[in-house]
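First up is the structure itself, then whatever we jot down about it.
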Amino acid sequence: MEANIVLLPGDGIGPEVVGAAVQVLDAAARRWGHTFHYSTYLIGGCSIDAYGTALTAETLAACQAADAVLLGAVGGPRWDDPAAPVRPEQGLLGLRKGLGVFANLRPVKVYPPLAGASPLRPEKLEGVDLVVVRELTGGLYFGQPKGRTQEGGRTRAVDTLEYSDFEIERIVRLAFGLAQARRGRLTSVDKANVLESSRLWRQVAAQVGTEFPGVALEHVLVDTAAMRLVANPASFDVIVTENMFGDILTDEAAVLVGSMGLLPSASLGGDGPGLYEPIHGSAPDIAGKGIANPCGTVLSAALLLRHSLGLEAEARAIEAAVERAIQGGWLTRDLGGTLSTREMTAKIVDEVLRE
Ligand code: IPM
Ligand code: MG
C-alpha cells in the first residue's frame, strides 16, 4: 500500500527518536512491499524560533491531509519562561484539538526481562498489561474560562475543568469497546467525591455501561487509582479518565515498565488521521547525544500501522522485534544498557527484517 505520513520531530530528542522510527517503518515497508511517503514539518519550540508560533496553519493543514502523523516531542528550557506569550506545548495541544483526536491510548506492558529496571518489586509487576484511555481534547486542559485577570493590584489565574455529556460518552464508549476486546474490565477514574464534572462522568459511564453487559465497570477515585497503580498494577485492564488525570497516571505507569522511553501512544477518534507519539518529553538533558531510547517512538509507529493503516501483521512484527531485542539484552542507557539510539534502532530493524 501507499501512505502519506507527516513527521513532526519537534524539539530535544524528538528528531533522534523520529529518525529511528522512520528507519523501522522503512524496514517494514521493504519487507511487506509498501511505500510510505514522508513530509516533515516543524512543531513546538523549533516552530516558535522559525515562525513565532508553535503550530502554523500550514503544518496543521498538512497533518489534516495526511494518512497519519508521527510526532517526537516538544519543549525545552529555551522556551520555558512562564511569562512567554507562546509556548511549545501550545503546538501539541493545538494539533490534538485541530485533529479532533479525543482518545489517547497509552498501552503499558511490562517486559519480564525489565522487571528489575523498575523500582517496584518484580513480583508486583507480574502480569501487568493495561491500557490507559486518556480523554485528550477536553477537561482541565481546554475548559473555558482560562487565563489571568488583574483586579485591585491582585492577579488571579483560572483554569476550568469542564465536560459535556457528549464528550464523556464518546471516550467512555471507546474504552468499553477496547475492554470488550481485551479482558473485559474497565476502570473509570474520576474525583466524583469533589468535582461536579466527575459526577457527570460517573453517571455517563454507568449509562454507557448498560450497552456492554460483558464488561465489568468499576469507578475508582483518582487518588486511590494512583495508589493502586503501584500497589497492585496487574489488577487493571483498561482505565478511562479525564485529560489531566490521564497525563499524571501515565507518567506514573511508566515507572512500572522501567523507563519513560518505552511507552507509545495513539491519539484517535477524529475524522482525519491519527496522531502517534511517545509519552516521554523532549529530554533536553540528553538531546543530541545519540543515546535516547527509540522504543517509545518505534512502538508508536507500530500503533500507526495498526490503527491508521490497518497493517496488523506489520505492527505486530515491530512490537515483536522490540520485544526480542529487549529479551536479548539489547538496552539503551535509561534501562541500564550501553547502546546508542543508532545501535538499538539497527537491532530492531534487523529483527523486523528477520524470519
Ligand atoms: C504528554 C505531555 C503533554 C501533555 C505536554 C507536553 C503538553 O506531558 O503528552 O503526556 O501534558 O499532554
Ligand atoms: Mg505527560
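The values are calculated or read from the model by the stated rules, or taken from the named source; none is laboratory data. Computed from a predicted structure; not experimentally measured. When we count neighbours, we look across all protein chains shown, and the Cβ atoms used for this are built from the backbone with ideal geometry, even at glycine. Accessible surface is based on the protein model in full, side chains and every heavy atom, while ligands, DNA and RNA are left aside. Shrake-Rupley method; radii C 1.70, N 1.55, O 1.52, S 1.80 Å.
Counting only strands (runs of 3 or more DSSP E) that sit completely within the stretch 101-172, those holding 1 or more residues that are exposed (fewer than 15 other Cβ atoms within 10 Å of the Cβ) correspond to 129-135, 143-151, 154-160. On the stretch given as the stretch 286-306, residues that are under 18 Å from LYS109 (Cα atoms) and away from ligand 2 (no atom under 16 Å from the Cβ) total 10.
Condition first: open to solvent by 80 Å² or more (accessible area, probe 1.4 Å) and either assigned to a helix (DSSP H, G or I) or among the acidic types (Asp, Glu) (or both). Now tell me which residues in the stretch 173-222 satisfy that. Across the stretch 173-222, the qualifying residues are ARG173, GLN180, ALA181, GLU196, ARG199, GLN203, GLN207, GLU211.
Only residues that are open to solvent by 10 Å² or more (accessible area, probe 1.4 Å), farther than 20 Å from GLN180 by Cα and either out of contact with any Leu (no Cβ under 9 Å at 6 or more places or on another chain) or in a helix (DSSP H, G or I) (or both) were counted across the stretch 232-260, and they come to 9. Within the stretch 78-96, the set of residues being open to solvent by 40 Å² or more (accessible area, probe 1.4 Å) and either within 16 Å of ligand 2 (Cβ to nearest atom) or not in a helix (DSSP H, G or I) (or both) comprises ASP80, ASP81, PRO82, ALA83, PRO85, VAL86, ARG87, GLU89, GLN90, LEU93. Scanning the stretch 247-257 for residues that are within 8 Å of ligand 1 (Cβ to nearest atom) and under 22 Å from ARG202 (Cβ atoms) returns ASP247, THR250. A residue that is on the phi > 0 side of the Ramachandran plot and assigned by TED's automatic domain parsing to the domain that holds GLU126 cannot be found anywhere in the stretch 193-216.
Each row is one residue, and each column tells you yes or no for (1) hydroxyl-bearing (Ser, Thr, Tyr); (2) modelled with pLDDT of 95 or more; (3) over 22 Å from LYS347 (Cβ atoms).
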residue	(1), (2), (3)
THR210	yes, yes, yes
VAL215	no, yes, yes
GLU218	no, yes, yes
ILE239	no, yes, yes
GLY258	no, no, no
PRO294	no, yes, no
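In the set (1) over 30 Å from GLU319 (Cβ atoms); (2) among the β-branched types (Val, Ile, Thr); (3) open to solvent by less than 10 Å² (accessible area, probe 1.4 Å), ILE48 fails one condition alone, (3). Scanning the stretch 263-285 for residues that are at negative phi and more than 11 Å from the chain's Cα centre (by Cα), we see that the one that is farthest from ligand 2 (Cβ to nearest atom) is ASP271. Scanning the stretch 272-302 for residues that are surrounded by fewer than 24 Cβ atoms within 10 Å (Cβ to Cβ), under 13 Å from MET260 (Cα atoms) and β-branched (Val, Ile, Thr) turns up just one, ILE279. Residue selection: ILE239 satisfies the criterion of being of a type outside the set (Ser, Thr, Tyr), touching a strand residue (DSSP E or B) at 6+ places or on another chain (Cβ under 7 Å) and within 26 Å of ALA115 (Cβ to Cβ).
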